[in-house]
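Working notes for the structure below.
The values are calculated or read from the model by the stated rules, or taken from the named source; none is laboratory data. Because the structure is a prediction, the values reported are computed rather than measured. Cβ placement follows ideal geometry from the backbone for every residue including glycine, while neighbour counts extend to all protein chains displayed.
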C-alpha cells in the first residue's frame, strides 16, 4: 500500500468493517474483462455469504474459475470545500481476494442465509423447503485482505 498512514492493520477494525457494512462488490474472472457485481452479504469466520438465483452469469463464471476479488466500503462521505482541489473523502474500505464456492446442501444454505439475515439485523429466521431448493448460497473464503481509511475520527485505528 502506497499510503501506509492510511492502512488499517488492526484485525479487530477490519472485522468491525466486515460486520457493519452491507454491500460487497465481487469481481469475477471473465474472458476479456472482469465482471463486478454488488451484493448484500453476511460475514462469519473469515467467510462472506451471498445468495442468488440458481442460474446466471456469475454462477457460470464461478464454475469456470472460483477465484474472486472483493471490495467493501464503510461510512464514506464526500467532504466539500470552496476550492475544488481541496475536496476529499472520509472512508473505510477493504479489498481482498478469495475462493468462492456454491453451497448445495440445505444445512449450508440455512447457515449462509442466517448469516446474511444477521448482518442486516434479523435473527429469528424460517425458510420453507421450496425456497431452499430454489435459492443458491455462495460462500467466499477470504484468503487475503487489506484495509484503508481516511479522515476517520481520532481514536479509530
Can you name the condition, by its number, that residue 75 falls short on among (1) in contact with a strand residue (DSSP E or B) (Cβ under 7 Å, 6 or more places away or on another chain); (2) on the phi < 0 side of the Ramachandran plot? (2)
Output yes when any residue across region 72-81 is exposed (fewer than 14 other Cβ atoms within 10 Å of the Cβ) and more than 27 Å from residue 20 (Cβ to Cβ), and no when none is. yes
Considering region 11-56 alone, what residues qualify as being in contact (Cβ under 8 Å) with a residue 40 or more places away in the chain, more than 23 Å from residue 123 (Cβ to Cβ) and surrounded by 12 or more Cβ atoms within 10 Å (Cβ to Cβ)? 13, 14, 25, 26, 27, 28
For region 1-10, which residues satisfy the criterion of being touching a strand residue (DSSP E or B) at 6+ places or on another chain (Cβ under 6 Å) and either assigned to a helix (DSSP H, G or I) or surrounded by 15 or more Cβ atoms within 10 Å (Cβ to Cβ) (or both)? 6, 8
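Hey, could you check region 90-108 for residues that are surrounded by 12 or more Cβ atoms within 10 Å (Cβ to Cβ) and either out of contact with any strand residue (DSSP E or B) (no Cβ under 9 Å at 6 or more places or on another chain) or more than 26 Å from residue 139 (Cβ to Cβ) (or both) and say which is modelled with the highest pLDDT? Break it down into steps so the answer makes sense when it comes.
Quick first cut of region 90-108, residues surrounded by 12 or more Cβ atoms within 10 Å (Cβ to Cβ) only: 90-103, 106, 108.
Pick out the ones that are also either out of contact with any strand residue (DSSP E or B) (no Cβ under 9 Å at 6 or more places or on another chain) or more than 26 Å from residue 139 (Cβ to Cβ) (or both) and you get 90-91, 106.
Details: 90: 85, 91: 89, 106: 93.
This residue is 106.
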